[in-house]
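Just below is one structure, and these are the notes that go with it.
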Amino acid sequence: MTAPLLSVSGTSISYGKVEAVRSVSLDVNANEIVTIVGANGAGKTTLLNAIMGILPQHGRITFDGIDLAALDIEDRVASGLSLVPEHRELFGTMSVEDNLLLGAFRIPKATAAKSFERVYALFPRLKERRTQLAGTLSGGEQQMLAMGRALMGEPRLLMLDEPSLGLAPLIVADIFKIIGELRAAGVSVLLVEQNAKAALQIADRAYVMELGAFILDGPAQAISADQRVIASYLGFQHASASGI
Ligand code: ATP
């Protein structure tokens, strides 16, 4: 069996004396979409931030076989990891194109043109709006821009924190379709989502997080059929307007 692209092993993360993530282990393989579902405050964002090197952790995290402990955020980006944060963190007074360019800081100028082409092919809307200021985009377009900016660096693993947050159902469907296209293009995805229904539909495998620990993991289809998951995460979403 080939080694996982990302391997998180026995990772714990604390804010001062409060342990927000307790000894979790998770793998993401090449060409896989893996989702972490769980309620507000379960520890999902905290875990993504630790993988990216934004928060310190106790445990072992490897990417492509390399221990990340010695790598800072920039080195992690250079090795092929990228995070699209929950609040997107765009530069509102800069154009779409300039925001994208910021994502290409580590790649040579000549390759940046290719990256623009690929990102614009995935998100034609961004191409149409390339001179527009990021702050004037709709919520869905801003999410596309945040993803596009992360993709400009040509990551092998894209971590997405709540990409559907605050978006209308039709836009959520668009975003999830693009996540599927990323896998087809050879980018692995680690997806954190409160919209468990949409996430489980697209993912290959899933982890369910509660109070800082994984309580369940397995193929996404099996997780969708688990009675605890249906009761806690899917029942409400079926009845809500979340759509997909
Ligand atoms: P959400 O979707 O609401 O972001 P989450 O599953 O991503 O939920 P986290 O944001 O990782 O959860 O939060 C995990 C726990 O850590 C929560 O109890 C939260 O209150 C706590 N926490 C998060 N950020 C901080 C911080 N900067 N300082 C102290 N505690 C924090």
Check Glu210: other-chain or 5+ apart residues with amide H under 5 Å from its amide H, H built from backbone geometry? Ile215
If you plug each phi of the stretch 25-38 into the Karplus form 6.51 cos²θ - 1.76 cosθ + 1.60 with θ = phi - 60°, what whole-Hz ³J(HN,Hα) values come out, in order, with x for Gly and Pro? 10, 7, 10, 10, 8, 4, 6, 10, 10, 10, 10, 10, 10, x
What ranking of Leu126, Leu216 emerges when the number of other C-beta atoms within 10 Å of each C-beta is taken as an exposure proxy, fewest first? Leu216, Leu126
Expected sort for Tyr233, Tyr15, Tyr120 with the fewest Cβ neighbours (10 Å cutoff) up front is Tyr15, Tyr120, Tyr233
Over 28 Å between Cα atoms, which of Lys127/Lys197; Lys127/Lys177; Lys44/Lys177; Lys44/Lys197 qualify? Lys127/Lys197
Once both label points are put 7 Å beyond Cα along the C-beta direction, the Lys109-Lys177 separation in nm becomes 3.7 nm
Square roots of five times the C-alpha gyration tensor eigenvalues of the stretch 89-229, ordered largest first and given in whole Å, equal 30, 16, 13
Quick calc of log₁₀ I(q)/I(0), the chain, Debye, one scatterer on every Cα, no solvent, q values 0.07, 0.10, 0.13, 0.17 1/Å, result -0.22, -0.46, -0.79, -1.33
Give or take rounding to whole Å, what are the principal axis extents of the alpha carbon atoms in the stretch 1-111, in descending order? 41, 35, 26
Treating the beta-carbon of each Lys and Arg as +1 and of each Asp and Glu as -1, no other charges, what is the dipole magnitude of the chain about its Cα centre, to the nearest 20 debye? 260 debye
Please compute the modelled spin-label separation between Asp75 and Ala168, points set 7 Å along Cα→Cβ, answer in nm with one decimal. 4.6 nm
What percent do you get for the relative contact order of the stretch 88-154 when only Cα pairs under 8 Å and 6+ apart count? 56 percent
Counting only DSSP beta bridges fully inside the stretch 42-197, the antiparallel percentage to nearest 5 is 25 percent
Remind me, relative contact order of the stretch 1-133 in percent, using alpha carbon pairs under 8 angstrom and six or more residues apart? 21 percent
Could you please rank Leu55, Leu137, Leu100, Leu47, placing first whichever residue has the fewest other Cβ atoms within 10 Å of its Cβ? Leu55, Leu137, Leu100, Leu47
Give me the Debye-computed log₁₀ of I(q)/I(0) at q = 0.11, 0.21, 0.24 Å⁻¹ for the stretch 88-154, equal point scatterers on Cα only, no solvent, two decimals. -0.20, -0.73, -0.96
How high is the relative contact order of the chain? Use alpha-carbon pairs under 8 Å, at least six apart in sequence, and give a whole percent. 26 percent
Which far-off residues, 5 or more places away or on another chain, put their amide H under 5 Å from the one on Ile33, with H placed in the peptide plane? Val189, Asp204, Arg205
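The numbers here are math on the coordinates, done by the rules we state, and not lab data. Every value quoted in this text rests on a predicted model; they were computed, and no experiment measured them. All Cβ positions, glycine included, derive from the backbone under ideal geometry; neighbour counts span all protein chains shown.
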